[in-house]
Structures are given as C-alpha cells and as structure tokens.
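The values are calculated or read from the model by the stated rules, or taken from the named source; none is laboratory data. Please read all numbers here as calculations on a predicted model, not as lab measurements. A quick note on method: Cβ atoms are made from the backbone with ideal geometry, for glycine too, and the neighbour counts reach across all protein chains shown.
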C-alpha cells in the first residue's frame, strides 16, 4: 500500500470510527487488515473497510475482499471476495491480481480459473512483487493451472526469497534440499536458500529457522500466510 493510500486509510478510520481507534492502533491491521482480533473487533474492521470500499478506494476494496476469504468479520463468501478483488483490479490495484490468483488457485475447484490465475500473476511478478513470485512457485510446485515443474517452482521461490519473502526462502530451501536429479547444484542452492531464510527471518523479530520450516510444510499455515502477506 503506497503512502497516499495509508494516509487516506487512517483519515477514514479517524473520521468515522474514532471510538474504535485504540483497537486499530493496537492491532496490526494497518497494513494487513485481515490480521485482527477475534469476534467483534474483526467485524468492526470489515464494517469500516466496507464503507471505504464502497467509496472507490482500490486498496480498501482489496482489503474488504479479504474479509470474505478469511471469514473474519464476514461469513466466508468466495463470490463476494472475487467481486471485490476484481473491482480493486479495475480501479488500478495491481496487488489485487495476486489475491484473485490466490483465490482461484487455493480456494476454487475450477481448472479454467486456475489457468487464469497464472496469467494474473505475470504483471505483479514483472513489477517485482515477491508474493506473486511465491504464489507462482506454489502453482508450478503443485501443478495448479500449469504442468507440475519443480525446476520452475524453485526459480520462483528463489526470486521471492531474494526479495525478502520468508516463506519463499523456506520453500526454496525445502525444494532444493530434496532435489535428487542435480545433487551438487541442489546442495549449493539449498545452502544459498537457507542463508536467505536466516536473513529474512531476522527481520523485525528473530524467528526459529527449524520452527518456521516445520510450519511452512502445513497447508493451513501457507494459505493464511499468503492471505496476510503484504
């Protein structure tokens, strides 16, 4: 989210929801609006986002779409999530293409939409979005919308890792470590990816490499991470 949208977001909250401002200050939802407190606080967040989204702010449209994927503050509704992601894209929010692609790849059982997801990811990748690189890696790793190809998956994971994507670094390490058809190259890549993972995990607060790698193999953790990723 660029600085102009950040200012608009906080001005919107201050103007319409002053009584709830401490909730927004304490919770890390300024950038990740789908990370939130449970229950009523999530509803407050989504209520605020709905008002802003209906005003045509592309980032708030994207964030409001998240409410229908996470099921926090709104019942899960993938059709409504798709609607708001598409609206955000039409209003110029490039990162919404990553969210729509993720919705198609991980939540909808529709092969045509999974193929469309791969096309949606190309512009964000070209513009340097590490999250898009990681999601494309997942697509190739699992054969979602494309033919399964671990070599291409590894390339995208490594690109994401080099741009400070923590889960991209973990996937890069795990895939390259298991690379049995180019043993020496696989070992060198694994060592490189592990180095990137340690670097990336040192951001903000140190995290255990072993613990993060263990979490990175769990589908629920990966999907939640993608949804909450900046």
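Remarks
The rows are residues; the columns are (1) assigned by TED's automatic domain parsing to the domain that holds residue 144; (2) within 27 Å of residue 126 (Cα to Cα); (3) at pLDDT below 95.
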{"residue": "11", "(1), (2), (3)": "no, no, yes"}
{"residue": "16", "(1), (2), (3)": "no, no, yes"}
{"residue": "25", "(1), (2), (3)": "no, no, yes"}
{"residue": "30", "(1), (2), (3)": "no, yes, yes"}
{"residue": "34", "(1), (2), (3)": "no, yes, yes"}
{"residue": "41", "(1), (2), (3)": "no, no, yes"}
{"residue": "47", "(1), (2), (3)": "no, no, yes"}
{"residue": "85", "(1), (2), (3)": "no, yes, no"}
{"residue": "103", "(1), (2), (3)": "no, yes, no"}
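- Within segment 126-143, tally of residues that are in a helix (DSSP H, G or I) and either crowded, with 21+ Cβ neighbours inside 10 Å or not assigned by TED's automatic domain parsing to the domain that holds residue 171 (or both): 11
Matching residues to (1) buried (at least 21 other Cβ atoms within 10 Å of the Cβ); (2) over 17 Å from the mean Cα position of the chain (by Cα); (3) under 26 Å from residue 43 (Cα atoms):
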residue	(1), (2), (3)
60	yes, no, yes
68	yes, no, yes
73	yes, yes, yes
77	no, yes, yes
85	yes, no, yes
99	yes, no, yes
106	no, no, yes
112	no, yes, no
117	yes, no, no
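Residue-by-condition table, conditions (1) touching a residue at least 24 places away in the same chain (Cβ under 8 Å); (2) out of contact with any strand residue (DSSP E or B) (no Cβ under 6 Å at 6 or more places or on another chain); (3) farther than 12 Å from residue 99 by Cβ; (4) part of a helix (DSSP H, G or I):
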{"residue": "45", "(1), (2), (3), (4)": "yes, yes, yes, yes"}
{"residue": "52", "(1), (2), (3), (4)": "yes, yes, yes, yes"}
{"residue": "56", "(1), (2), (3), (4)": "yes, yes, yes, no"}
{"residue": "63", "(1), (2), (3), (4)": "yes, yes, no, yes"}
{"residue": "66", "(1), (2), (3), (4)": "yes, yes, no, yes"}
{"residue": "69", "(1), (2), (3), (4)": "yes, yes, no, yes"}
{"residue": "72", "(1), (2), (3), (4)": "yes, yes, yes, no"}
{"residue": "76", "(1), (2), (3), (4)": "no, yes, yes, no"}
{"residue": "82", "(1), (2), (3), (4)": "no, yes, no, yes"}
